[in-house]
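So the structure is just underneath, and the comments pick up after that.
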Protein chains: 2
Amino acid sequence: MKFWKKQKHKQVFEGASHTGKDSIRIIPLGGAGNVTKNMYVYEYRYDGMLRDIMIVDCGIGFPEPEMYGVDLVIPDVRYLANKRDKIRGLVFTHGHDDHIGGIPYIYDRLGNIPMWGTKLTAAFANIKLREIKSRGTVTPVEFSETIKVGPFLVSFARVTHSVPDAANLIIQTPIGVFYHGSDFKFDFTPLDGKLSDLGKITEAGRHSVLCMLTDCLGSERPGFTPSEQIVGVTLEKELSQCSGKFLFTTQSSNISRIQLAIEIALKHGRKIAFFGRSIDKNTEEAVKLGYMRFPREAIILDRDVRRLPPTKQFLIVAGSQGQPESALSRIANDGHKFVRIEEGDTVVFSADPIPGNEHNVGNLIEQLYRKGARVSYSDIMEDLHVSGHGSQGDQMLMLSAVGPKFVMPMGGTYRHMMQYRRLAMELGYEKQDILIPEEGEVLEFTGQGRPRIAETVALENVMIDGLGIGDVGNVVLRDRQTIATEGIVVVVVPVEQSTGRVTAEPEIISRGFIYMKESGGLLKEGKRIVSQSLRLKKGRIIDWQFMRKQVEENLGRFLLTETGRSPLIVPVIVEV
Amino acid sequence: MKFWKKQKHKQVFEGASHTGKDSIRIIPLGGAGNVTKNMYVYEYRYDGMLRDIMIVDCGIGFPEPEMYGVDLVIPDVRYLANKRDKIRGLVFTHGHDDHIGGIPYIYDRLGNIPMWGTKLTAAFANIKLREIKSRGTVTPVEFSETIKVGPFLVSFARVTHSVPDAANLIIQTPIGVFYHGSDFKFDFTPLDGKLSDLGKITEAGRHSVLCMLTDCLGSERPGFTPSEQIVGVTLEKELSQCSGKFLFTTQSSNISRIQLAIEIALKHGRKIAFFGRSIDKNTEEAVKLGYMRFPREAIILDRDVRRLPPTKQFLIVAGSQGQPESALSRIANDGHKFVRIEEGDTVVFSADPIPGNEHNVGNLIEQLYRKGARVSYSDIMEDLHVSGHGSQGDQMLMLSAVGPKFVMPMGGTYRHMMQYRRLAMELGYEKQDILIPEEGEVLEFTGQGRPRIAETVALENVMIDGLGIGDVGNVVLRDRQTIATEGIVVVVVPVEQSTGRVTAEPEIISRGFIYMKESGGLLKEGKRIVSQSLRLKKGRIIDWQFMRKQVEENLGRFLLTETGRSPLIVPVIVEV
């Protein structure tokens, strides 16, 4: 195969002495035991010394329900802090947020490093970087190119996924070949006609891959994941039954599916309008790069849809995850300037809720029904959405094609990894050759024998809330959790600065605990208990730490007995 | 049919003049547009005056995710407050918590009313009443009985569901027959061999039912819901592959399925132990009443399981919804006294997560995998659980059998009701004869023409948090929501009592907002802004309401600009 010959791997390292101490370490800063927040570090160590780092992906994650108020989670890159001079570059596998979305937050902390991605991937990442006016730019590469990232030679194998231009990476290193098989499925009839490059993948396999990292999210589903094509069939059926406006919502990165929807709309004589910033931007970029094609006059401006009869409208609307600020949520709640739901309208959800969003999506569907729309979603209508991730069949095909010595499932939770292991064992792999590192565990490959756990990196969730990156830490979060479920009680104790005497009755204020106006008795008794706790030392507070503990304990015990709740108690001393 | 003849309906009302102004009103205090919290009020009005009330069911609901800290939700019975002397009794349809669980909280507010339910239903409800030492008792009735609840004659039609002894109610009233068709499916091979009483149901149909209220939860699923039997087939397969302990978890009310599990365990030579208070209590009661049968020696005490080899253990464990305090959660987290997960153990989830619990269940599965267990749940293994609710096929059969004039879907959300409407229209019903009242809307039937909306009852969520019933209201909840996502900032302003002068610098304390120790600058500037806001009136606070607003606004604006967050700001004046 051509791509392989082009690489002059040996020459790159002709100066290397190869004492046998060379190694590659893989450090997942995110994405291990985790579906999102993907970020993998490949380290080349020469004679035991760290020499070069390549990063693959830099995605965002979604907060767990108990991370109250947190908007996003990003990978913890503290590990890289004192290694910036070793980073040779970053390669993106595809243009989904959980692979590119972290870069605007993290780019500045990595140094001015070069970045690469296939054409659409680079374009989507650059939209994000431009939004924050970053200096960083992702360089687009062709699938035929092989790039050199320090000692790593990286080739791009096209794979089908729910965004065009997705790639798996074939990474040649001084100690062997790694296959970075992030999100993929084998769609044999993809919408853009571009198949997974099975030739290149098997060619990599023939050069004996040392380790394959591979998308394991679909390991619980038997068979092959269906093709994107079937979405079109279902969509056409829905459209032909619609006697009003037609609203279509899907992920804004799924350019091919949006193109498909547009083609079907045109066939049925409807005009198309886009609603939502991300859909606007992504389609604009995709058209510019030639990934979407439609007659200009097919599209009308959002404010002009009202001039058309409902049966001529096809609205592509952002908000398939029920995001409260999205165009679809605003439409459902009569809060949109140009669109209002009427009896006879149809809303089609061509996306499944991401775990954690079920409730928001459910509420949105409920609201649309109430406004009189006919709503279709995967619970009642199969094939409105198909996964971009391969199922067991796809995974077995990939594993057979690459045939690595070791395989490491990624991009799934522990249960997906364990299911993948079961699958790989059915294909003849030894249990020990299926690598399931715990979070933060660093695997070191020397090319000889099994990889070992070289070290364990402590990783935290870096949480983004509003404008703050990482300033919501575990202390803040724990307080939020307590207050959210139990409420807060603030006890203000005025103390004379000079003498340390308590000068007046303590004041008790609560929020989120109990409706205070109707709880006068509880309040009064609470004050008495605080006063008692303070009076232990005859009106003078000597050891404030001790007093604080007393107040917390005594008041806490009292409130628990009376109400069954344990609010956060915050004693405050005010010097007067 | 016998049950019908026995009723002497006409005689009961021989004194009634029947001016044509008689009516029946149906008031759903819970369960309309809602899956849980079922409570229906049937009112008989004679000559326009309210004369008698019968209640059907009194269930709990589960809090929405945004109801932070709330344990349970119960129906709002304020509507009944001044009508207690008219309540003739309460009838339970079946023994699930969303139909009986509210009674311990509500019984005292209804007056000392009589209550009925079929044998197991009454037993389960009485367990709950005994737990709080209530005076109330539910009287068990046979399926062959017809009871008189004021002017209402109530017959019980057996239906299959996921708890034995479930009934639909045939309610004869002075103006016509109502069919209260709560949760059911048509299981033609039920585990206890007791089929839905299709004869009685069709007999009711022959007496021309005025309105059928009917379980619509499964209206999105085509076909018939499968029989409970298939759970056994899957379970047997799982057990035969297990080389360690076998843990089985399901709803504790699903007595028949627990019986099935026990039989399979015995067949494979394993001994059974129960873990969890609700499973203990329910099985004890079920055995006593003859609903479960197994040799006494098959059961061992929880503390004795360690004496058996793993392959002889079959543990029936509570906690299928991932409840943090349940036996299964404690086992998964190595916090159980007698059971520890080991490599080779199998855990089978024979229950689907209730919407809202997906995250907790997912975490529990994850944790069990990490401990080395093989975990089976419906995502990877079909037929480990089947729904207790009928699908479209079951619903069509019921609608055809009863053939009511009007039909009102219940026990589902709006989308389920709309799906049901579609279904009923396919069976020839006019759109207007399928009643979809909004929450709180009261339908009045006179026997002539379509029912009208007689009034609208304002209903609130009555929330239970700890020991408090209803003391967490909307104010408390709104504060919790704000604090949970944005944090709280308390501003303490010491003021001299006599003069109204601010005596010292204001103090700012925050929780859940930002890590204050690392935000000295923000804090200092915040204090300056508060001081400035207060100094407007030259150190004397005249209008505290106005000052409070100033502080809230100015500090709020500043913090939003700096952090992108809007914490709850609580100014507190402390008089010294």
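The values are calculated or read from the model by the stated rules, or taken from the named source; none is laboratory data. The model shown is predicted, which means the values in this text are computed figures rather than measured ones. Here the Cβ is made from the backbone with ideal geometry for all residues, glycine too, and neighbour counts use every protein chain on show.
A few comments on the model shown:
- For region B:338-351, filtered to residues that are out of contact with any Lys or Arg (no Cβ under 7 Å at 6 or more places or on another chain) and surrounded by 18 or more Cβ atoms within 10 Å (Cβ to Cβ), the residue that is nearest to B:G388 (Cα to Cα) is B:A351.
- Selected residue [in a loop (DSSP other than H, G, I, E, B), surrounded by fewer than 24 Cβ atoms within 10 Å (Cβ to Cβ) and charged (D, E, K, R)] from A:D187, A:D192: A:D192
- One residue stands out among those in region B:73-104 that are in a helix (DSSP H, G or I) and among the acidic types (D, E): the one that is nearest to B:M39 (Cα to Cα), which is B:D98.
- Of all residues in region A:194-206, one or more are small (G, A, S), in contact with a Lys or Arg (Cβ under 9 Å, 6 or more places away or on another chain) and on the phi < 0 side of the Ramachandran plot.
- Filter result for the condition that a residue is surrounded by fewer than 18 Cβ atoms within 10 Å (Cβ to Cβ) and either assigned to a loop (DSSP other than H, G, I, E, B) or without any contact (Cβ under 8 Å) to a residue 60 or more places away in the chain (or both), over A:S252, A:S243: A:S243
- The single residue among B:M396, B:M381, B:M425, B:M418 that is under 26 Å from B:T160 (Cα atoms), in the same structural domain as B:M49 (by TED's automatic domain parsing), at pLDDT below 95 and outside any strand (DSSP E or B) turns out to be B:M418.
- Residue match in region A:292-311 (condition: without any contact (Cβ under 8 Å) to a residue 40 or more places away in the chain, surrounded by 21 or more Cβ atoms within 10 Å (Cβ to Cβ) and outside the structural domain of A:T118 (by TED's automatic domain parsing)): no
- So A:G276, is it at pLDDT below 95, under 19 Å from A:A373 (Cα atoms) and buried (at least 16 other Cβ atoms within 10 Å of the Cβ): no
- Residue match in region A:318-337 (condition: surrounded by fewer than 17 Cβ atoms within 10 Å (Cβ to Cβ) and touching a strand residue (DSSP E or B) at 6+ places or on another chain (Cβ under 8 Å)): no
- Selection within region A:385-433: residues that are closer than 14 Å to A:P226 by Cβ and surrounded by fewer than 23 Cβ atoms within 10 Å (Cβ to Cβ). The member of this set that is farthest from the chain's Cα centre (by Cα) is A:G393.
- Selection status of B:D192, at pLDDT 95 or above and of a type in the set (D, E, K, R): no
- Answer residue from region A:47-72, given it is part of a strand (DSSP E or B), closer than 30 Å to A:F143 by Cβ and of a type outside the set (G, A, S) and is nearest to the other protein chains (Cβ to nearest Cβ) among those: A:V56
Conditions tested, residue by residue: (1) in contact with a Pro (Cβ under 9 Å, 6 or more places away or on another chain); (2) in contact (Cβ under 8 Å) with a residue 40 or more places away in the chain; (3) within 14 Å of another protein chain (Cβ to nearest Cβ); (4) under 30 Å from B:Q419 (Cβ atoms).
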{"residue": "A:K371", "(1), (2), (3), (4)": "no, no, yes, yes"}
{"residue": "A:G390", "(1), (2), (3), (4)": "no, yes, no, no"}
{"residue": "A:A401", "(1), (2), (3), (4)": "no, yes, no, no"}
{"residue": "A:P409", "(1), (2), (3), (4)": "no, yes, yes, no"}
{"residue": "A:Y414", "(1), (2), (3), (4)": "no, yes, yes, no"}
{"residue": "A:R421", "(1), (2), (3), (4)": "yes, no, yes, no"}
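- Members of region B:22-51 that are buried (at least 23 other Cβ atoms within 10 Å of the Cβ) and closer than 17 Å to B:L72 by Cα: B:L29, B:G30, B:G31, B:K37, B:N38, B:M39
- Residues in region B:110-145 that are small (G, A, S) and within 22 Å of the chain's Cα centre (by Cα) were compared, and the one that is modelled with the lowest pLDDT is B:S134.
- Among the residues of region A:440-465, those identified as loosely packed, with under 15 Cβ neighbours inside 10 Å and under 29 Å from the mean Cα position of the chain (by Cα) are A:R452, A:I453, A:E455, A:T456, A:A458, A:E460.
- When the strands (runs of 3 or more DSSP E) confined to region B:430-498 are screened for residues that are away from chain A (no Cβ under 11 Å) and in contact (Cβ under 8 Å) with a residue 40 or more places away in the chain, those reaching at least 3 such residues are found at B:441-445.
- Candidates A:I354, A:I365, filtered to the one that is within 14 Å of chain B (Cβ to nearest Cβ) and either surrounded by fewer than 18 Cβ atoms within 10 Å (Cβ to Cβ) or of a type in the set (S, T, Y) (or both): A:I354
- Residue satisfying condition, being under 30 Å from B:E238 (Cα atoms), among the aliphatic types (A, V, I, L, M), outside any loop (DSSP other than H, G, I, E, B) and within 22 Å of the chain's Cα centre (by Cα), within set B:L368, B:L328: B:L328
- Screening B:A484 against (1) within 19 Å of A:I488 (Cα to Cα); (2) modelled with pLDDT of 80 or more; (3) among the hydrophobic types (A, V, I, L, M, F, W, C); (4) surrounded by fewer than 21 Cβ atoms within 10 Å (Cβ to Cβ) leaves a single unmet condition, (4).
- Residue match in region B:35-48 (condition: under 21 Å from the mean Cα position of the chain (by Cα), modelled with pLDDT under 95, in the same structural domain as B:E439 (by TED's automatic domain parsing) and among the acidic types (D, E)): no
- For region A:508-519, the criterion of being in contact (Cβ under 8 Å) with a residue 60 or more places away in the chain, within 30 Å of B:E507 (Cβ to Cβ) and at the interface with chain B (Cβ under 8 Å from one of its Cβ atoms) is met by no residue.
- Candidates are the residues of region B:551-570 that are more than 10 Å from chain A (Cβ to nearest Cβ) and crowded, with 19+ Cβ neighbours inside 10 Å; the one that is nearest to the chain's Cα centre (by Cα) is B:I569.
- The set of residues in region B:204-213 being touching a helix residue (DSSP H, G or I) at 6+ places or on another chain (Cβ under 8 Å) and surrounded by fewer than 19 Cβ atoms within 10 Å (Cβ to Cβ) consists of B:H207 alone.
- All conditions but one from (1) of a type outside the set (V, I, T); (2) modelled with pLDDT under 80; (3) over 45 Å from the mean Cα position of the chain (by Cα) apply to A:K527; the one that does not is (2).
- Among the residues making up region B:147-168, those that are touching a residue at least 40 places away in the same chain (Cβ under 8 Å), of a type outside the set (V, I, T) and within 20 Å of B:P190 (Cα to Cα) are B:A157, B:R158, B:H161, B:S162, B:P164, B:D165, B:A166, B:A167, B:N168.
- All conditions in (1) outside any loop (DSSP other than H, G, I, E, B); (2) acidic (D, E); (3) under 26 Å from the mean Cα position of the chain (by Cα) hold for A:E203, with the sole exception of (3).
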